[in-house]
Amino acid sequence: MTETQGPAHKRNMTRRKVVVAGGAAVAAVGVGGGIAVNAFAGETGGDASSSASSAETCYKLTTETTEGPYYIDADKIRQDITEDQEGIPVTLELKVIDAETCKPVKNAAVDIWHCTALGVYSGYEAMGSGGAGGGGTPPSGAPSDAPSGTPTGEPPSGAPSGGTGGGHSEPTDDERYLRGTWKTDKHGYVTFKTIFPGWYQGRCVHIHVKVHVDGEWTSAGYEGGHTCHTGQLFFAEKAVLASAEVSPYSTNTTTRTTLDEDTIYPDNGHEGGLLYLKYNKKNMAKGVHAHLTMGVAPDETHDSTDTQPSASASAS
């Protein structure tokens, strides 16, 4: 859906409307009951090495990043976004809090979307792996060695927003796998079922996320309100290397950008969207649990690309 025009920091989502997939009623999911705000702060497991004092009860604002060109406005109200996509199962648990008061943000609409194990975005299959290299102008000839079996097709000339990943691209098909929206419960929690994302030219492994507030949940879905957070969720290099040993990720021959090489990752750890991960190091294929508390400013609007990566960013 076309976003309301105007300055990025003042746009709201009064025209934003989502439809419940299959007519199912919207319901909040209760995750964790009375877990404290800092419940995840000190957890370690898998590749999570950071810890926080047990006395820590609040968070800084989670970094805003570019939306990228492949957002499709809250098309599916659902928790399980996997559809028929192959990959390592992921349970993604997010908690949304007001970074100033540390109180949970309830009844928010949280969108997530990401690529397949082979780097393809639903809705943009014709653009190939990463959809034009993920939104920016790739190096000359870069997409030509896309792995066998992935959608083919040259990236369009004149990539969005001069390579910053800021411009929106119109969908090329009706597929909507690995996309979904769900409602935070009274404790601020929302949980999704998906797969571990793959990679494509120019970007590290990531999941896009948006948080919408002040709208209304109805039998038809979520209407109105504004977007208070637009960010990305990232995976530590150790976990990505482990995923690369598992099929179908092992067939993805696209040159992979590491977390340190990425031009959009803000390089500030969990505040920047780096997920806490838990998985069996000897058998990652069994699944991954990922979680993060996101501190947002509910009264602010961050709905698109008001916070940009550097001009050299080549993907989103």
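The values are calculated or read from the model by the stated rules, or taken from the named source; none is laboratory data. Computed from a predicted structure; not experimentally measured. Counting neighbours? That spans all protein chains shown, and the Cβs are built from the backbone with ideal geometry, glycine included. To get the accessible areas, we keep the full protein, side chains included, count just its heavy atoms, and leave off ligands, DNA and RNA. Shrake-Rupley method; radii C 1.70, N 1.55, O 1.52, S 1.80 Å.
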(message) I'm told Asp262 meets every condition in (1) of a type outside the set (A, V, I, L, M, F, W, C); (2) more than 21 Å from Glu67 (Cβ to Cβ); (3) open to solvent by less than 50 Å² (accessible area, probe 1.4 Å) except one. Can you identify the failing condition by its number?
(response) (2)
(message) Conditions first: (1) touching a Lys or Arg at 6+ places or on another chain (Cβ under 6 Å); (2) modelled with pLDDT under 95. Trp113 passes all but one, so which condition is the exception?
(response) (2)
(message) Just checking, does region 181-200 include any residue being more than 25 Å from Gln79 (Cα to Cα) and either of a type in the set (Gly, Ala, Ser) or open to solvent by 10 Å² or more (accessible area, probe 1.4 Å) (or both)?
(response) no
(request) Look through Lys238, Lys193 and report the one residue that is closer than 20 Å to Asp80 by Cα and charged (D, E, K, R). (result) Lys193
(message) Just to verify a result, which residue in region 291-313, among those that are modelled with pLDDT under 95 and among the hydrophobic types (A, V, I, L, M, F, W, C), is farthest from Leu92 (Cα to Cα)?
(response) Ala311
(request) Residue by residue through region 60-98, note down the ones that are in contact with a helix residue (DSSP H, G or I) (Cβ under 9 Å, 6 or more places away or on another chain), buried (at least 23 other Cβ atoms within 10 Å of the Cβ) and at positive phi. (result) Gly68
(message) So Thr101 ticks every box in (1) open to solvent by 40 Å² or more (accessible area, probe 1.4 Å); (2) out of contact with any strand residue (DSSP E or B) (no Cβ under 9 Å at 6 or more places or on another chain); (3) closer than 22 Å to Ala126 by Cβ but one. Which box is left unticked?
(response) (3)
(request) Looking for whichever is out of contact with any Phe, Trp or Tyr (no Cβ under 9 Å at 6 or more places or on another chain) and at pLDDT 95 or above here; the options are Asp185, Asp145. Which one fits? (result) Asp185
(request) Starting from region 287-316, keep only residues that are at negative phi and assigned to a strand (DSSP E or B), then list their pairs with residues that are modelled with pLDDT under 95 and of a type in the set (Lys, Arg) whose Cβ atoms are within a distance under 7 Å, requiring at least 6 positions of separation or different chains. (result) Gly295/Lys60
